[in-house]
Amino acid sequence: MRHNYAVLLLLIVANYAIAVDPNASTTESPVTTTHVPTTTLNPNTTAPLPTTTSAPVTTPLPTTTLAPTTTSAPATTAAPVPDVPKVYNFTVSEGNETCITAEFALTFTHLWNGTDNVVVVDPNFIKSASRCGNETETLSFSFTSKDNKNYSVLMTFKRVEEERSLSMIEVTEGSRTAKINQTAFQLKGDMAYHCEHQTEVKDESGATAAFDHVKLSIFRTETSGNQVYQCVSDDTVNDMVPIAVGCALLALVVIVLIAYFIGRRRSRRLAYQSV
């Protein structure tokens, strides 16, 4: 065992001497140089350049701007403007005496079994069927309508003692005839009939004759026309004017009275406040 300790001590001393001695030689580990193999290019071989692929040229498509769609409004068909009847003058004479003078505009409706037809009278001439008489007088005329149909009209006037009136209107077109049996334009004595507003003469069948701007004198004598009967519708219109004026004046008086009492009340308040 002592031998072992001696050996161990010798090893320690030897190691210490080696570490301290500068002349001690150290063996360097050999440097291993690894040569990289060189690759010699063949002089006849041209190295290919890298191929550069250009991006495809994109041609912009033309921009198409859609125009706004405009929906045209449906064409409106204007309502047909009704024909305005014309005013015509008629005179019926026998020899040197004139028995009928008439002035009016005339429109027929619902002549044929109540159908909604409108016929505006446009007289061409007075036919020879017109005649004077003591108890019966007639006024007859013909005309061509807008749709090229030929019409003839016969008006019959009756006199019973002092009363005179239109008693019947007969309208004929081809083979068709419509009669309006209704009394109108009732007069007494030698009075003439005037009416600016429309007067309708209507039969039970629905056939209607509408007169406008009527001036009528029948069974004329030397004194006819000295007195004029004004229709009720014209009198109503004439009465409306003074009624409207009276209402306006009454409203003005009421406004003045209200303003007076308001002003008087304010003046009293001011007087009390000053006291």
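We did not get these values from a lab; they are worked out from the coordinates using the rules stated. This structure is a prediction, so every number in the text was calculated from the model and none was measured. In this analysis, Cβ positions are derived from the backbone assuming ideal geometry, glycine residues included, and neighbour counts consider all displayed protein chains.
Straight-line cross-link partners of Lys179 among the lysines, defined as a Cα under 22 Å from its Cα and at least 8 positions apart when in the same chain: Lys127, Lys146, Lys149, Lys158, Lys202.
Let's test the formula: R0 of 45 Å, r as the Cβ-Cβ distance of Lys149 and Tyr229. What FRET efficiency results, to the nearest 0.05?
Working: r = 35 Å, r/R0 = 0.78.
Using R0 = 45 Å, I get an efficiency of 0.80.
Packing here is the average count of other Cβ atoms within 10 Å per residue, and on that basis the peptides 161-174, 247-260, highest first, run 161-174, 247-260. Computed from label points 7 Å out along Cα-Cβ, the spacing between Val245 and Glu103 is 2.6 nm.
Tyr260 to Lys202: extension gain in nm, 0.36 nm per residue of separation minus the Cα-Cα distance?
Details: separation 58, 0.36 × 58 = 20.88 nm, distance 5.65 nm.
Extra length from Tyr260 to Lys202 when fully extended: 15.2 nm.
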